[in-house]
Structure formats: structure tokens, C-alpha cells
1. Just tell me how shielded A:898-908 is by partners: mean number of partner chain Cβ atoms within 10 Å of each residue's Cβ, no decimals.
2. Would you mind checking the tilt of helix A:844-854 against the longest principal axis of the Cα atoms of chain A, expressed as 0 to 90 degrees and rounded to 10?
3. Under unit Cβ charges (Lys, Arg +1; Asp, Glu -1), what dipole magnitude, rounded to 20 debye, does chain A have relative to its Cα centre?
4. Helix A:294-312 sits at what angle to the longest principal axis of chain A, using alpha carbons and giving 0 to 90 degrees rounded to 10?
5. Going by average Cβ neighbours within 10 Å, how do the peptides A:159-166, A:473-480 rank, with the highest at the top?
6. Of A:Leu304, A:Leu820, A:Leu211, A:Leu1328, how do they rank once you tally other Cβ atoms within 10 Å and put the fewest first?
7. In whole angstrom, how far apart do the alpha carbon centroids of the stretch A:869-887 and the stretch A:698-750 sit?
8. Please report the relative contact order for chain A, taking Cα pairs under 8 Å with a sequence separation of at least 6, and give it as a percent rounded to a whole number.
Amino acid sequence: MKEQVLETAPRKIKHIQFSVLSPQEIVKNSQFVVTHRDLFNENRAPMENGVLDTRLGTSDHDILCETCGERMAQCIGHFGYIKLVLPVFHIGYFKAVINMLQNICKSCSRVLLEEDDRRTYLKRIRSTKESSARGKIEKSINALCKKIVDCPYCNAINGPVKKVGAIKIVHEKFKPKKAHEEQENFKNTFVNAVESMPELKPHIHKAQEDLNAMKVLELFKKISDEDCELLGLDPQNARPELFIWQRVPVPPVAIRPSIAQDNASTEDDLTVKLSEIVQTNTNIAAALSKGITISQLMEQWDYLQLTVAMYINSEMPGLGNMAGTKPSRGLCQRLKGKQGRFRGNLSGKRVDFSGRTVISPDPNLRIDEAYQSAKDACAAELQIGDVVERHLRDGDVVLFNRQPSLHKLSIMAHYVRVKPWRTFRFNECVCTPYNADFDGDEMNLHVPQTEEARVEAIELMGVKNNLVTPRNGDPIIAAIQDFITSSYLITKKDVFYNRAQFTQICSYMADADLHIDIPPPAIYKPVRLWTGKQIFNVLMRPNKSSSVLVNLESKGRSFEKSESRAPEMCPNDGYVVIQNSEIMCGAIDKSLVGDGNKHSLFYTILRDYGAVQAADAMNRLSKLCSRWLANRGFSIGISDVQPGEILREKKDKLITDANKACDDLIERSKSGKLENQPGCNEEQTLEAHISGILSRVRDDAGQICMTELNRHNAPLIMATCGSKGSKINVSQMVACVGQQIISGSRIPDGFQDRSLPHFPKHSKTPAARGFVRNSFYSGLTPTEFLFHAISGREGLVDTAALEDLAIHYDMSVRNSSGGLVQFCYGDDGLDPAYLEDEVLPVDLKRNLQHTINIVPWANDPGLLPYEIKEITDLILDCDEFRKSCTQSYIESLQKFISQELVEKLVSLRQSYGLISADERPNDEYSDIDPNAIGSDSVKAIVDHKLKITERQLRKFLNICLQKFVKAKIEPGTAVGALGAQSIGEPGTQMTLKTFHFAGVASMNITLGVPRIKEIINASKTISTPIITCKLVNDSDVKSARIVKGRLETTYLGDIAKYIDEIYERDSCYLAIKLDLDAIQKLQLETNIKEIARAIVNDRKLKLEIQGIRIVDNDEIDAYVPERDGSRRQELDKLYFRLQVLKRALPKVIIKGIQTVTRAVISEAKAGKKQLLVEGYGLREVMTTEGIFGTETTSNNVNEVNKVLGIEAARNTIIQEIQYTMGRHGMSIDPRHVMLLGDIMTYKGSICGEVLGIHRFGISNMKSSVLMLASFEKTTDHLFDAALHSKRDCLEGVSESIIMGMPMQLGTGLFKLIRKSHLGDEKPPRRKLIFDSRKQIQLF
Amino acid sequence: MAKKNILLFSDTFNINDCDKDGKKFDRGRGESLEMELVIDVNTDLYPLDIGDRVNVILTTSLALDPSKAQSEDMITGASSAEEMTQKASWREKSSTERDLSDEFEYVMYGKVYKYDEERRSKVYPSNLVISLFGNLKLV
């Protein structure tokens, strides 16, 4: 057996320090200098002093490493180095080098800051630890230095420093005006050159100072340590000169093995590049000693520079990668990307003890089992010391996984059952969490190797312990498809079996290993017959010794509500009542045995009797259903989708009518008779009407199908019981496919003014806009087929930032470095997976009924109302309750009991004329029995209706306590990852949709994945910002309109009758005539003076107050201001200026908030009006008169943060996510969303903004280099880390995985602390080796 | 309780309607007289037509001698028609044994699981019993 992972490893990596190697260190770590460019000598052996020298290690099986003498597999490899004759830039630090050059004086190497600035910045930079904050300071230093021309220390002139080409830096020294004189001097130095080469002349003025690597190196060497700090460096670890190559380390051969192929070998890209570097380097050395022309030398140098750059990063833009050739892989490329070192080898590693193959279903397996194929053992030649791995056997624990692993249920632990053949098999009930089907899907399997791992896997990841999703506590492992179909068919009302049939079916549900008690038959005479429902009774409780007593009342899918009958009397048998594991009524369908419903059978068993019983019941169900259905037969054929005569007629009429109605609408719209809906233009109104009609067609057609189709129709059965497909799908097959919709509207134009060239332009008929009138049975026309095929989905949300959040032992939520995110998880510290109710861990109503049913009456007297109250208070007040439950939970219990028991009983007793007995009788009446009055029969009636005994009440409260205690979240739970998965996973199921907002047809809001992305990324601009305002007077439309007028921007053009140019003899002006009527109608609160002021205040117009004249009460004259200049020019200009003004004037805003696009009055609840404002400007809207500022919110997170603060922003995030998910019919536990809101805002008080969960947000949130490098932009983060000498403390999840350490989460959070056996006494100090030797020498 | 009276209810009904929708189930339902009764009956075994008269009783036991009745749970039956019952053993009785069921043509077994009051029915006394027989119910 494999050794378990020891936490007390002899050495533990505490942190990783990033820095740069100095030339000296490179030499020290190396074995030798690489000087030879050739790889092999004439004997085809590695060349000595070449890049494949055997002293660097070996990639050949037969050759030993010359340094350590080990074989290929043992030798870890050794470094060499190349001594560069001329220094070159390091491409990874190139940007940083330019930045540093911009900051320093190019003559004296001092940082270009005045002494005062220098000191303040130094102080700030020294006191800041946060990397993002330091980045900001560095940026501001850089900005400041760029502006300074004269060096404050040596007075030299500094121009801008720029990158030229790919790897060249130029200092434009002569750009500043001051440098003119100097430039002249500089030019003069070329006088001689120009004389001999006249063609040089035109280029001389372009000459600037070239900062080559050598020069930069000299400059950097002069920088003082203090200045290094200002450059953002740590002078101990990373002096600026180290960022320039002087020595290039040659990595071991092991990482760049040569591949030998019959007498020829293929070399790794790195080897090729290295030998190129050596070659160029020797060339330069030779050239320097021999002496060649400067231009040739520069060419060689540039080539060396380029090669070194390519060696590091071959994808740098501008490095002249030739298209067509295979791109070489530099060091950066080895790290980057999905297959790169980080994501391919460090974060995800290849493992032993794993397998992958095709999956197939098997209902005969338990839900927590998985089949493996048996293999033949083939051990032949064993030697002593060999480890023999055993095969899997039945009962082993394995981890089973299907990609994409979107949530924690994508990896679960199963028990092994070894069987023949080659596929992995598992029970269909487990398909849902894996999202697996059997159309060729493959799955992975991992075998934990230690006993600890096995226990942990089966306890935490076992299928049985993951029957519910942590997203909202709904059951996720449940019956699917055929299981639901057959459950439904078995429990239909007209199913009767005789004894032989009944017992046969009962025996289906087990493998002859189950004792079954046959219940009494439902019909005694004339023949003994059992019903199908009784089979289900047996399934729930196979024999008398089983303790499972299910009590459940729930609506089925086909339930029809009617006031005039009891729910049980539903004609569709749609109301299910199960009492003590006996089905009283109702057919079992998806809502009872399927997933995603808390009122389901298996969920009830799970909550009341535990996972084992629930899983057993599910096993029985899957066996029973598959065997029963195989016997009965269930298939679908062409006859199932053939519409009958009546159906076809009805459907044709329906479609003809709809077409006619649409044509009519289009006609009316063309002639302008269609009345616009509020807030819509003509087109939108028409569109809304037509969509309404067409969507009704499909619904109606579906309804006809439901009534007209035979009830034995297979698709119909599947749709009714919910096993596969919906009613819409049935009607699509039988009647009509219906309107196709893309992002909330009908099919848009794909061609000019039409969707397809088959239709006339501008056609708005149903057929031209994607209405498919045919059914799948009748066949689609070509255009219909195309429309039907248009549809799409959006990718999922990436939520990586939450991975290291865990519950700690004080129940707080903290990240890996101990930073506090929530004081108590979700405010109550409960696990979302254990909630039966929306908020409570106990579904009080059902549990009360359950307790009353399972605890026998045993002639106990029923409690009187006051007795119930007293007992409840007594129990709730005891220590057990007070210590382990929250106050709010106790209060809700009290409230429930007084509402459901006490008050009901009191009113019941009163209506039957009994003493209400809601108070304990006072002393004088204490001898009167409240039960004395009233006849026995009346009392019996009351008892039948509501009776609870003391034992029942106590049991109920005890259940409430137990369930609450169980629901407390465990320390170590990785709540962050759970939350991220819970929010991310449903994203895959969301289709892009926009919905009409709160009854206003024209106001759409983005929903679905795009909206979730907006919220999570904390986008600054969102696609549909809406401010919801509460009005002071919310009952009156008129006053709402007035407020609307205050908000909406009104332009001068909207309220002007005309704007005319007036030319008079001595002047010309624009006359603006106001439409007073319109102002009146729009309810604008303005007058001519205000309008005039608005015109003057518009900066763009540049009108002066004198230039405005008010004539009468409805005319404003605007004069173009005069300017100096010759009379003639002035006149010309005047005309044009007048024209410009005329064009600009209608755009003048005279009322309203500029950022508001529009406002719409909408009806909220109960006729109350509210105002929906589209656009930004929450602050302005809030302060507008007539609006309750305190009850006005925006859906824009950033704006809320800016205006109302970080807590309000958090609330907005939570609300918006819940709203969006809710609109898609998905529920997510509020705890997950709260956590997301907290993680986005918990740094709000420090940095004052909402951090988005995207790469910028994450890099602000996280400080770990390894984590960031494994996430995105791998090499950038690594270079940055070296530059700033960052230190990674290896606390987080990603870092632990990379380093191969247990992570501080889940079971890794727990540490055992024990007292030292030494007590308080300190262990003796161990002597160092040399200490003892010294002593020996002394004596 | 059991000793007092095993007969909980007895009345005669006129079948005045049979499976309104006609199609919901292959086997139908009927209802009737003085007090309204909606009951699911396996019409393959016991065909009922509109206008038929049935006597329905509700008992806790099939035993003729009340003192021997063991279960207080429930039963019913209908004379010339039907009955409903719970018995200690549901196995075939010997031909010599006699019990209540001999007087009825159709006997069902079930459980009274809920008492409810329905105010809508004016004809009746205050009480309405919903009970259930396997999957058959009576209101």
C-alpha cells in the first residue's frame, strides 16, 4: 500500500522568492563556459564545450552524465553558461527597462525627481506593501519623470525615451525646445562626415541618441540603491543592471532532449537557438579582436540581440517571424498556454492509477456503484523489490469524473463492481450531476491509493452523500427518463394486478434478496386485485421491519386547481398524498421522483431517514422500472405524431386566423392607424402585437394536442409525466413548430431589408420573420428549416477568484492568507445543501404532519391550545436549543406553532362551541375542565380535524433541533469554490434572452449570461442601465408625468415651433419660436427665462448673455457674438456662424438629466405607479423633486457604489444576480450570491471600488504570483514578479497544487495540536559541526 | 371504538353520472343521492350504469361478530353492490367461513386518511369524509 501523505515532511517550502540571477550567480551555478557552436563532433558524439556537452547531462540512454556520473533517468541535469561579448536586452524586461530609462537622467543616472517629490515618494513606496497600490505609485513617478526635461542634479537635458522597432531604444534628446542649441553642436560633429558623404545630410537632423544595451548597462550600474527603490526594485535582489544579459545560462540537456532517428537527430528549438547564440557571440568576439566596420558589428550585435530575444520569447511582435515556417518555441512558449508548464504540468499533472473509457448505462447497479472491466493478469518475470499493483476488486473506492467539471458533483466516489467487457457502467440516476449521456461519452476514473484517501473520498464525494446539489439543496440524483415514465404508468388509476402479477412485479425491485410483505388487496371481491399504487407502497416500504414511513403531500405536474373540489379529487389524479408510505392518491410523475424538486419522494426519504434509505429506494426504483417497462414495452412511431382529422382542421384554422390577424395589423400599421403602446414607436408596437399573436398560436396548438391526442400516445405520456420533452415539443411534432426567436425578437434581417431573398423586402408577415407553420411530421419548407436551425448559446462564466475561501473553525469565511470575508457564512452558518425550505433547514409544515403520522396516538389526550403553548416555550427555552440554535430560528419555530397549531385549534374549538382554552385558566376556574363542555361527537370531530399529543409535539421539536444542528456548515468547507460553481454551472443552461421589463413592452433588460457577466465583472458601462424610482405620489399618472418631464432630456428642438434666420439691415439673428402648447402638454416646468438661460449656459454655443433677447413670451432671439477682424471677413464668417448656430440650437438641453435616455411610467403592484429611468445618473435622479430618493435604486453596480457606497453595491450585486437567475427559472441559494457579493466588495473600503472577477479584478484581489501565473498571462506575471522581487507564501489552493502540498482547505484545514512531551522545558540547542571541531582544536 | 360499532356508514345511492370526461381512465366512477358520493370503481369488474342503485357501507371489519373485529382502521362495502374493508388477513378464506362480504358484490379495502369539512355542500351535515381505498375515494 502506498504511504500516506505525511504532514510532517522533513522539509517544508515556506515561500518562494522571485528574483533575477546576477552574472556571478550564473557562473557559480554552471559547470563550464559554452564556447562551441557545433553540437556533435566527427564521431557523432556530443561536442565538447558545445550546447550538448555531456557535462550538462544526457538525453541518451547509453551515455553517462559527465558531471555526476548518473544515467539519463537519474541525472537531474547541470547548467552551463555563455559569456556574451556585448550585453543585450532581455526581452521579458524590455518594457521595464524602458520605464526605468524614462525615470532616470540619461547622463547622471539619478531619478528625475526634485528632492521634495523624491522624499515623499520614497516614503510612500516604502510604506506600501500591496502590489497593486505600489504599481499605482510607480506609475505616477513615471508620469512625473517623463515631464522633467532638465535633470535637477546635473542639469543635463532629457528627452522622451521610446522603443524603436522590436528591440531598440532611442532617446530623443533633442526633442525639447531647450535642446536646440545642443542639437546644433551635435550636428556640427557631422561636418566632416557630410563633406565626404553628401548624401548623409538630409538624415542628420533625424539623428537621435541610440541607447544600446551597453550604454544602458553603464547607466544602470550608476543608479544608487535608494533610487532603485523609487524605480520599484529591491536593490538587494534586483539591481537594474541585472535586467540586461551579460551571461546567458545554458539549461541542462534534460529539458531539451535530442531525438535520435536512424543516424540523424532532431534537436530541440532551444538547442538550436543556443547554438545560434554561441555562433553569433564568437563571430562578434572575432570581429572585435580583428576589427571590422561599425555597421557590420552593429549588424552582428543586432542579430545576437534578436536571437537571445527569440530564445526567451519567440512570439514577440516585430521579431520577424516568417509566416509559413514552423514557429520556434522559446522559453515563454514552454510555460504559456493550456499545454504549457503551468497549466499542463504544474496545475494539472498526469497521474497513475487512472483510466478512461466509454460509458454505458446499467439500471441493475446500485446508484453508488460503477462497473469496471476485468483484465487478465500478466505478471511474468518478477524480481525481488518489484511492487506488484493489485487489480481492482468489488467494493474498492474510485473517483469517477466527466469533463467539463463544472461543479463538485462532476467528480464523485463510487464503489467498484468488476464485470466483463470494456465500458464503465453506472446507474442512469447518476447521469444528471455528470451531465452524461450514452451517445459515446467517455469518463475518467481515478483510484485513491491510501486508506485515508478512500475514506475521505467516500465520505465527502460518495454518491450517497451528494444526492443534493449544493447550489440550492435540490435533489440532483433522482429518477430520469424511462424511470419516470414507468413510475407514471404503474401508478395510474386504472392499473390493477392479480396476485401473481403483483408479486411478480414486486420481485422486480430486488435481486431476490429482499423480504417483501404483500399488502392487502385494494379490491376484495369479486376478484382480489392490487393497484399499481400499492407496488409503490411496497417500493417505499418493502416489509414491516422497514422503518421508512414517508409522509408527503404534493402537487403533481398535471394538477388542476379548482376551488370547487378538494385537491385530492383532481380529475387528472394530479395531487399526491402519501401517508406512512402508502400512496393515498395521485399518479407519480417527475415532480415526485425526478430531480430539482424538494417535494419529491426521494428527497423526503433522504431528509427523514438518511441517504442510505434514499439510495436503496432509488435502487429499487431503477430495477423495478427498467424491468417493468421492458415487459410492458414503450416505443414511439410515426403513428404517434400523426395528427387526427379534427386536430389538423383546428390547427389550420388557428394558423389561418393568426396570419389574417397579422396581415390586418400590418395593414393598419402601414396606414398609420395602429395606436402606439407606451414608450414604443410604431415598429415596436407592431412587433409586440405580432409576437403576441404568434406565440399564442403555438400555445393554443399545444393545448389542442393535449386534448385531441389519444392518452396512450407515447410522446404525450412522456410530456405529461415529465420524463422527456415538453408539451411544446409534442405540439411541434404533431401540430406546428411555431415562431423562431433570436435574442427575444423574431428573425432579423440577414439580407437587405429582409430575412431571406425568398420574401419581398420590408416584409413583416409571419412567414418572412421566422414563423414555422409546419410540424416536424408534415415537414418544414426550406426557408422554415433555415429559420428553425438558427439558435445559439453562450459560454459560461469564469469564477476563479473564489477558490481559496473556506469556513474556519470560528465559522467565519476567510481566504487562504487569513483575510476575513464574512463573519458568519451566509449570516446563519448553515449549509445550503441541508435546507428543506427557502430559508429554514426544516420544512415545518411537512415535518409536523410527518410526526403526527408516525407517532401513534396511543389513547393520549389531545393537547389544549394553552398546553401546546406552554410545552413549546418550555422546550425551546432549554439549554440544548439555546446553545445550538440561532435566535431567529427559535422565533420562527414559535411563530409556526402558534400559527399552525394554537390559533387553528382555538378557532376550531370556538366554531364548534367549545371553550377556546387559549389561556391557562386562572385560579378560580382551575377546577373546571375545559373539555367538560360539548358533546362527545363534537369533540371527536375536532379531534379528527386537529389533534396533537404531548409526545407528538416533543418529537416534532426534537426533529427540528436535530435537523438544525445537522444543517450547520462544517469548518473547512470550500464555500468559495461551491459558490463559484453554483453560479457558473447554471450559466451553461441559460440561453441568451432579453425580457420585457415589468410590463413595459419597449423596455428590455439584458439577461442571461451577458448580464451575469456584466455583474460579476463589475462592468463600468452596462448594456441596459435602469433606475427604478419610487414616486412621492404614486397613484396619480399626471404627477408621474411631471416627474418624468423633470428627468427626461428635452431639447430645444422638441419644443420650438421653428428657428428662423432673420436678416435685418444692421443685424442678423436667429428667432426661436417656442411651442407653448407643447410645453404645456409635456408638463414641463419651465418658462422662457429658464430656456434662455439654458441656451446661454450651453458651452458649445459660446453665446453671451447680451446676445440673447427675449421677445414676447414665446420668442427668443439669438445674436451671433461679434468678433474683431476686418469687416469683409466678419460678414462671411457671420453667415456661416449663423448656420452653425442654427444647427446646434435644437440640441440644446433645456430640461432634464443629460445621461438619462428616457423614462417610462410603469405600473408596479396594485396600481401604484413607478418610474423606470433608462440611463445613468442615479445621483441626479435621486435628488429630483417628486421622487423618494431613499427608495430609488439602479441596476448598475458601479454607479450604486459611487453614489450610495460599497454596502449598497453589495446588495445590488446580490439582488441583480438573484433576479437574473430567477428570470431564467433557476434558483441559487442566497448564501452563494452573498459570498460573491462580499468577495467583490470586501476590499471596497481600501480601494473604494467593486472588484470584478476578471483578470484585473483578480490580480487586485490576489497577491500570489503562482496563482496569477497559472491563471492567465503566465510569463508576464513571472517577469513582473522577478522585477519586483515578489515573494509567494504558498498559502492558496493553486500554489499548493503547483508545489504538491496539501492545501489549507477542507480536510487540509484541520491540524492536530498536541502538547510537547517536554512540557515547558526547551529542547537543548543542537551543536553545529564546526562548533564541536573548534572545541576539539582548543583542547 | 371498534367494539362499539364496526359499521361506520351506510346509505343507498343512485348513480347519476359516470366518468364525466369519459376518457380519463379505462375504468370509471359514479356518484349519487341524498349525500353526494364520488367513487372510483373498477367498471371492468363491476359495471355501473347511470340510474343503477347501490347500497354502500363503510365498516371497520368484515367480521360478522363485532367483538371479533380486530382493526379499527376501516372498510366499506356496498350491498347489491359494494363494500370496503380491512381485515386482519387478506388471504382467501375457507368456503365455510362466513363474513360480511358474502352479502356484497363488490368489496374494497382502504384507509380513511383525512376528515375534512366542505362548506360548499349545503345538502349535508357539517361532515364530509374523504377516504381512500387503495386508489379509490369517496367524498
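1. So the per-residue partner count for this stretch is 0.
2. 40 degrees
3. Its charge dipole is roughly 1800 debye.
4. Helix A:294-312 sits at roughly 20 degrees to that axis.
5. On the way: A:159-166: 15.4, A:473-480: 23.9.
The peptides rank, most packed first, as A:473-480, A:159-166.
6. By the 10 Å Cβ count, ascending: A:Leu1328, A:Leu820, A:Leu211, A:Leu304.
7. The distance from the Cα centre of the stretch A:869-887 to that of the stretch A:698-750 comes to 53 Å.
8. Values: 2152 pairs, mean separation 119.6, N = 1339.
Reported as a whole number, the value is 9 percent.
No value in this document is a laboratory result; all are computed from the given coordinates. Nothing here was measured: the structure is a model prediction, and the numbers come from that model. Neighbour counts are summed over all protein chains in view; Cβ atoms, including those assigned to glycine, are modelled from backbone coordinates with ideal geometry.
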